[in-house]
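Here the structure comes first, spelled out in structure tokens, and everything after it is commentary.
Here, each number is a calculation from the coordinates, and none is a lab measurement. All values reported here derive from a predicted model rather than from experimental measurement. Ideal geometry is used to build each Cβ from the backbone, glycine not excepted, and the neighbour counts take in all protein chains shown.
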Amino acid sequence: MANTTSMKPAMLFIFGGSGDLTNRKLIPALYNLYLDNYLPAQTLITGIGRTAFASHDEYRAKLLEGIREFSRKRDNAEAGWVSFAAMLQYFELDLKEDSTYEKIGGLITEQTKRLNNAPNVIFYLAVAPQLAPMIAQKLAQHGLCDDPESSRIVFEKPFGSDLPSAKELNKLLGGLFEEQQIYRIDHYLGKETVQNILAFRFANALFEPIWNNNYIDHVQITAAETVGVEDRGAYYEQAGALRDMVQNHVLQLICMIAMEPPTSFGADEIRNKKVDVLHAIRKIAREEAHAHAVRGQYSAGWIKGKEVAGYRQEKNVNEQSPVETFVAAKFHVDNWRWRDVPFYVRTGKYLHEKTTIISIQFKEAPGYSFPAEAAETWRPNRLTISIQPEMDIRLRFQAKRPGPEMILNPVDMVFSYAQAYDGKEPEAYETLLEDVISGNQTLFMRADQVEASWQVISPILEAWQNRPPVDFPNYAPDSWGPEDAEALIAKDGRHWTTLPPVNKD
Ligand code: BG6
């Protein structure tokens, strides 16, 4: 067990301290880190926001409600609450005012004196992205991030809204801070199952030798959600599924699958290998975009027995909105390993099932020696990595069906996290916050990664901006998206993979 008293003290300032992200994700994650002895004993967490609370205690009570509702350890929410709550405080302050930053400076000095030890100071921007440049400038002006070793700034996505804006933001931040201080979150990278891809690929002798175009036919990634845009219409109108999911999470999953073996687990080494993948992704000509990517928008309809509004009827959404809530695309990674191996991806809201899976489809084995009827149900090998909600890895292979004849059947060999580890996996935000506190940038996006990702999707973004959709809405809730998505993969003679849950197999 970690010795939390020997860890360097930490001060965490959460801007947007009364917001949804803080309540749902950040505080439950920090509390779990505390319960699991990963939080330095001398930690002070300061929420800063515009909501008024009568006292620090009222703020703490609200956060406890969030833990009871959203934490994976909600059942023993009270276990260490009293001592954790003592680490929490709240100030109602306006982030546009210089006095706010003076106050923060004062709090840091006070804590340093009290502990006789300078803490690591972390600024977490859980605020609307438009505020990020202003806050960054104020933090720098007030000298709050002068020491690159001990001060860190955490940014939530979206990081820019296209390549030029991401470049501009990176340039601004690069002029104010060192890259080692900047933590750009992509919460998918904190997911256990995503991190396990590296272990799976590089800690086993079995898979790496066949992890290439000699054996792999194609790769598929599905990131499907059963929710609509909920109350995020205003944000989503500026984003759409391509920016919201593909530019970040989905491309990062491609990087994990396609990267070359790193020579070490150093943050920059891993990120270098990932950025190589992004650079190798074939640049689609804008005029060709329609052959590589299709978009969809949900109509009104029914999902899980509930009637739901179409995207264009959602709150803060334009009645004629051209914004996509579904994307399917085909990418190629142009290097030796992945030559001619397409990567098909699809993601969308209000789809039939909540599931994120990566499926590696191997080439067919030659069936020469088997009689024709043996091979009726012949299927190529397939490795499926379920990221969520099921967390498992399945390898499909052929087996002989018991009986006198030689009949083949595809069967699955399954590794299930839930069965192996009893549901003890940390949430993505726990891993990510622990990394920020201990100063490990491996799972965070470096400036060049962000830009390379925007570069990959730029032609599609531009093509879609120039050509408004004519058939929106084009898919019903509870479906797998528009017909075009089926056509995108079917024209290559392939089909999308969906899986039955393990225990219902
Ligand atoms: C976020 C997107 O980054 O990821 C959301 O902004 C999306 O629109 C969410 O719902 C999905 O995350 P998860 O962890 O539920 O797959």
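The P(r) of the chain has a tail past 33 Å containing 44 percent of all C-alpha pairs.
In this Cβ point-charge picture (+1 for Lys and Arg, -1 for Asp and Glu), the stretch 1-112 has a dipole of about 380 debye about its Cα centre. Helix content alone sets the calculated 222 nm mean residue ellipticity of the chain: runs of n ≥ 4 DSSP H residues at -39500 (n - 2.57) each, divided across all residues, give -9500 deg cm²/dmol.
Charging the Cβ of each Asp and Glu at -1 and of each Lys and Arg at +1, and nothing else, the dipole of the chain about its Cα centre rounds to 380 debye. Projecting the Cα atoms of Phe397, Tyr350, Asn212 onto the dipole axis of the chain, where Lys and Arg carry +1 and Asp and Glu carry -1 at the beta carbon, places Phe397 farthest toward the positive end.
The stretch 245-348 gives an Rg/Rh value of 1.11, both radii derived from C-alpha positions and Rh following Kirkwood.
Which cross-chain or sequence-distant (5 or more) residues have an amide H under 5 Å from the amide H of Met11, H modelled 1.01 Å from N in plane? Those qualifying (amide H under 5 Å, at least 5 residues apart or on another chain) are Leu44, Asn120, Val121, Ile122.
If I fit a long axis through the Cα atoms of helix 56-70 and take the longest principal axis of the Cα atoms of the chain, what angle between them do I get, 0 to 90°, rounded to 10? For helix 56-70, the angle is close to 10 degrees. Counting every C-alpha pair in the stretch 182-232, the share spaced more than 13 angstrom apart comes to 75%. The local environment of Phe177, defined by Cβ-Cβ distances under 15 Å, has a net charge of 0 under the rule Lys, Arg +1 and Asp, Glu -1. Only lysine pairs 8 or more places apart, or on different chains, with alpha-carbon atoms under 23 angstrom apart are counted in the stretch 1-106, and they number 4. With neighbours defined as other Cβ atoms within 10 Å of a residue's Cβ, the residues Glu65, Glu237 order from fewest to most as Glu65, Glu237. Computed on the stretch 109-242, the Cα convex hull volume stands at 205 Å³ per residue.
Normalised by the number of residues in the chain, the mean separation of alpha-carbon contacts (under 8 Å, six or more apart) gives a relative contact order of 17 percent. Dipole orientation for the chain: of the candidates Gln195, Pro410, Ser161, Pro410 has the Cα lying most toward the positive pole (charges on Cβ; Lys, Arg +1; Asp, Glu -1).
Residue order for Ser359, Ser438, fewest other beta carbons within 10 angstrom first, comes to Ser438, Ser359. For the peptides 322-332, 454-464, residues were scored by their other Cβ atoms within 10 Å and the scores averaged per peptide; the highest-first order is 322-332, 454-464.
Taking the DSSP bridge list for the chain and keeping only pairs wholly inside it, about 55 percent are antiparallel.
Counting lysine pairs in the stretch 107-192 that sit 8 or more residues apart in sequence, or on different chains, and whose Cα atoms lie under 19 Å apart gives 4.
The count of lysine pairs in the stretch 239-391 that are at least 8 places apart or cross chains, and whose C-alpha atoms lie under 29 Å apart, stands at 23. Dipole magnitude for the stretch 299-383: computed about the Cα centre from +1 point charges on Lys and Arg Cβ and -1 point charges on Asp and Glu Cβ, it is near 280 debye.
Spherically averaged projected area of the convex hull of Cα atoms, the stretch 5-155: 8.6 nm².
Sorted on the mean count of surrounding Cβ atoms within 10 Å across their residues, most packed first, peptides 102-109, 267-274 read 267-274, 102-109.
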